[in-house]
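The values are calculated or read from the model by the stated rules, or taken from the named source; none is laboratory data. Given the structure is predicted, the values throughout are model-derived calculations rather than measurements. Don't worry about glycine lacking a Cβ; one is built from the backbone with ideal geometry, like all the others, and counts go over all protein chains shown.
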Amino acid sequence: MAEQKQNIVEIRHLFKSYRRGSLVVPVLFDITFDIAAGEFLALMGPSGSGKTTLLNLLAGIDKADAGGIRVDGLDITTFSETELAHWRANHVGFIFQFYNLIPVLKAVENLELPLHLTSLSRRERREHAEMALRMMGLDHRMDHYPQELSGGEQQRVAIARAIVTDPTILVADEPTGDLDRVSAEEILAMMERLNGEMGKTIVMVTHDPRAAQRAKILRHLDKGYLTNDDSQNPL
Amino acid sequence: MMILKILFRNAFHSKLRSGLTILGIAVAILAFGLLRMVISSWYAGVEAASTSRLVTRNAISILFTLPLSYNEKIRQHEGVKMVSYGNWFGGIYIDEKNFFPNFCVEPRTYLAIYPEFVLAPAEKKAFLADRKGFVAGRKLVAKHGWKLGDTVTLKGTIYPGNWDFVLRGIYKGRDETTDETQFYFHWDYLNETIKKSSPQRADQVGFYMVAVTRPDLAAEVVLAVDKTFKNSLAETLTETEKAFNQWFIAMSGAIVTAIQMVSFVVIIIIMAVVANTMAMTTRERIGDYAIMKTLGFGSREITILIFGESLVITLTGCLTSMLLTFPAAAAFGHVLETFFPIFIISAETLCLDVLAAILIGCLAALIPTGQAIRIGIADGLRRIG
């Protein structure tokens, strides 16, 4: 009998719309699903289907109009902006399409940045940052600025930054969207390792079927609706 | 520490833009500082005025004279320590562009009332002994290359003719606010000469300088002197030297106000330039700020980053301007020495420079900070790529 995994994310009847002047544009309709701890979930769908909006909502960087999101037992929809910022710093690791590193900080400093919101000492911050970069095979690039790194290397630094605080979930928005095939494969392999070996829960938004193939679970969004309840990845 | 690191690196990330902005701020604050110095210079006479000296002049106008006979009457008042007198001579040296203040005074009493004019004893003795002698300030002598014993001719305007004087002494200022561009000669020389040419103008003085024994007696002496000459042919108006100098400056008050306004306009212009730079910078970095917010940093850190960057730029500009102020003020003071004999960089001017820089930095950062804080993370992240 298969072991029942505990849900780390529970999304219930989620609605979201945006205002464009006097126009209200609905984006998500009545979204309900769960993500089990240690899952690797891919969210797919055409442009404008609401994938990134859903990712932003469950990562606490945007607020829903209605519905609930519980992450690790906490209902984040009730949090204030300050509480959300604090929660994000401790529970969420972010990987973006365009890496989103701070250009004036070296690779190791980019990793130290989120650690400034923890109680770690200066020495401990440096040790954690160096360790995370070593895990990504970037120990020779620690003192390089983002613009001195290739796209693949920048994304590896971004992944290292995402995991350096040991977050509860990792959210990735088109993590291979700006990379060549070889670099994209490296990044996906790395994410697979993080999920498989370190047990990190990953939620990834992607257009790329090759990227989605690496996920254990695939969900489709279309025009703001979840179109399948199938939790198995047919890819 | 990390926030400070980002702040400083952000400030100089775009070297050309930051460099040009800093240069603009430096030039503007330098201009502001120089204009403030001009205003200070204008009021230098007021600041340098003694509280124990009074000026008595004709109540109708300074253009009208007073009889020499008033000298003894003023001296007899209680609280009066010493009385001197003189006239504005208004002579021209070679050409009108060589303007400098020149007076005839009763030399013994005048030098005693003005201890800030420091003369070597031998030079003072030579000046007092020579009726055609004159003393001049160190800067004036240096400007025209005069030497002791040289004969200098002034062309009279109020008292026509060519007047020859012999340089007998060069005074130095006791304080940095002492005017070292003035020219003094014997009142007797003028009086005896005009007695021959226009006797009706003889034995008349333009002003009396009255030294009081104690500054707190000044008000009583003022009242007593003016009361003495009430209903006479030449009524007097006595006031403190400070009030007299202020009255003199008030005649050019519109110019001072205009300079003050220009100095503030300079600040407003540069504020707009810096605000524009900060707005551009913040717009470019809105993605970075969104990333920082994503990572858990709050409005406080974003505010520190934007205000800090703005202040680093303006204070660097201010520091540059302060370094430039000293040579610029020296050059400016040298060129306009005749009009602004006391052109000094005061601590107040430097403080105003720093205050202006802080004000510009803070005001320029206000709107960009508000925008950066208000924008949602998702909106900020959308601006990347």
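Could you tell me which of the residues B:Ile74, B:Ile94 is in the same structural domain as B:Thr193 (by TED's automatic domain parsing), out of contact with any Gly (no Cβ under 7 Å at 6 or more places or on another chain) and in a helix (DSSP H, G or I)? Working first, answer last.
Working: B:Ile94 fails: in a helix (DSSP H, G or I).
That would be B:Ile74, the only listed residue that is in the same structural domain as B:Thr193 (by TED's automatic domain parsing), out of contact with any Gly (no Cβ under 7 Å at 6 or more places or on another chain) and in a helix (DSSP H, G or I).
For segment A:136-143, check the following and say yes or no: at least one residue is outside any loop (DSSP other than H, G, I, E, B) and small (Gly, Ala, Ser).
Looking only at segment A:136-143, we keep the residues that are outside any loop (DSSP other than H, G, I, E, B), and these are A:139-141.
Narrowing the set further to residues that are small (Gly, Ala, Ser) leaves none.
Looking for residues that are outside any loop (DSSP other than H, G, I, E, B) and small (Gly, Ala, Ser), one finds none in segment A:136-143, hence no.
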For segment A:109-149, give me the residue count where each residue is in contact with a Gly (Cβ under 9 Å, 6 or more places away or on another chain) and among the aromatic types (Phe, Trp, Tyr). 0
State which residue pairs qualify: first residue of a type in the set (Phe, Trp, Tyr) and inside segment A:161-181, second residue modelled with pLDDT under 90 in any location, beta carbons under 7 Å apart, and separation of 6 or more residues or different chains. none
Just one listed residue, out of B:Met322, B:Met292, is within 14 Å of chain A (Cβ to nearest Cβ), at pLDDT 90 or above and in a helix (DSSP H, G or I), and it is B:Met292
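Select from segment A:75-103 the residues that are of a type in the set (D, E, K, R) and at the interface with chain B (Cβ under 9 Å from one of its Cβ atoms) and write down the one among them that is farthest from A:Asp65 (Cα to Cα). I'd like the intermediate steps shown before the answer.
Of the residues in segment A:75-103, the ones of a type in the set (D, E, K, R) are A:75, A:81, A:83, A:88.
Going one step further and asking which of them are at the interface with chain B (Cβ under 9 Å from one of its Cβ atoms), we end up with A:81, A:88.
Numbers: A:Glu81: 15, A:Arg88: 20 Å.
So, considering only residues that are of a type in the set (D, E, K, R) and at the interface with chain B (Cβ under 9 Å from one of its Cβ atoms), the one farthest from A:Asp65 (Cα to Cα) is A:Arg88.
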For helices (runs of 4 or more DSSP H) lying entirely in segment B:1-48, having 3 or more residues that are over 37 Å from the mean Cα position of the chain (by Cα) and within 11 Å of chain A (Cβ to nearest Cβ) picks out B:2-11
Quick count over segment B:131-157, residues being over 20 Å from B:Phe99 (Cβ atoms) and surrounded by 16 or more Cβ atoms within 10 Å (Cβ to Cβ), is 1
Checking A:Pro46 against (1) more than 14 Å from chain B (Cβ to nearest Cβ); (2) in a strand (DSSP E or B), the condition it does not meet: (2)
Can you find a residue that is surrounded by fewer than 18 Cβ atoms within 10 Å (Cβ to Cβ), within 13 Å of chain B (Cβ to nearest Cβ) and at pLDDT 95 or above anywhere in segment A:173-183? no
From (1) more than 18 Å from B:Trp88 (Cβ to Cβ); (2) in the same structural domain as B:Leu66 (by TED's automatic domain parsing), pick out the condition that doesn't hold for B:Gly206. (1)
Quick check, is A:Leu14 crowded, with 23+ Cβ neighbours inside 10 Å, over 30 Å from A:Arg134 (Cβ atoms) and under 16 Å from the mean Cα position of the chain (by Cα)? no
Which residues, counting only those in segment B:218-241, are in a helix (DSSP H, G or I), surrounded by fewer than 18 Cβ atoms within 10 Å (Cβ to Cβ) and in contact (Cβ under 8 Å) with a residue 40 or more places away in the chain? B:Glu220, B:Ala224, B:Asp226, B:Thr228
Considering each residue of segment B:332-358, count those that are acidic (Asp, Glu) and modelled with pLDDT of 85 or more, and give that number. 2
Checking the conditions here, which among A:Leu57, A:Leu41 is touching a residue at least 40 places away in the same chain (Cβ under 8 Å) and assigned to a helix (DSSP H, G or I)? A:Leu57
Given (1) within 14 Å of another protein chain (Cβ to nearest Cβ); (2) over 30 Å from A:Ile95 (Cβ atoms); (3) in a loop (DSSP other than H, G, I, E, B), B:Ile384 misses just (2)
Per-region count, segment B:64-105, residues touching a helix residue (DSSP H, G or I) at 6+ places or on another chain (Cβ under 9 Å) and of a type in the set (D, E, K, R): 3
Of all residues making up segment A:133-158, the number that are within 14 Å of chain B (Cβ to nearest Cβ) and crowded, with 18+ Cβ neighbours inside 10 Å: 5
Inside segment A:115-147, can you point out the residues that are small (Gly, Ala, Ser) and farther than 17 Å from A:Ile102 by Cβ? A:Ser119, A:Ser121, A:Gly137
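I'm checking my understanding of the structure. Among residues of segment B:25-75 that are within 20 Å of B:Ala243 (Cβ to Cβ) and free of Cβ contacts under 8 Å to residues at least 24 places away in the same chain, which one is surrounded by the most Cβ atoms within 10 Å (Cβ to Cβ)? Before the answer, list the steps.
We begin by selecting, within segment B:25-75, every residue within 20 Å of B:Ala243 (Cβ to Cβ); these are B:39-64, B:66, B:70, B:74.
Next cut, free of Cβ contacts under 8 Å to residues at least 24 places away in the same chain only: B:61, B:63.
Working: B:Ser61: 8, B:Leu63: 10.
Looking at residues that are within 20 Å of B:Ala243 (Cβ to Cβ) and free of Cβ contacts under 8 Å to residues at least 24 places away in the same chain, I get B:Leu63.
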Which residue, of B:Gly370, B:Gly333, B:Gly361, B:Gly317, is away from chain A (no Cβ under 14 Å), more than 26 Å from A:Ala158 (Cβ to Cβ), assigned to a helix (DSSP H, G or I) and in contact with a Phe, Trp or Tyr (Cβ under 6 Å, 6 or more places away or on another chain)? B:Gly333
Of the conditions (1) crowded, with 20+ Cβ neighbours inside 10 Å; (2) out of contact with any Ser or Thr (no Cβ under 7 Å at 6 or more places or on another chain), A:Ile169 clears all except one; give me its number. (2)
Of the conditions (1) within 24 Å of A:Gln6 (Cβ to Cβ); (2) under 17 Å from the mean Cα position of the chain (by Cα), A:Leu74 clears all except one; give me its number. (2)
Evaluate segment B:111-130: report whether one residue or more is surrounded by fewer than 18 Cβ atoms within 10 Å (Cβ to Cβ), touching a Lys or Arg at 6+ places or on another chain (Cβ under 7 Å) and part of a helix (DSSP H, G or I). yes
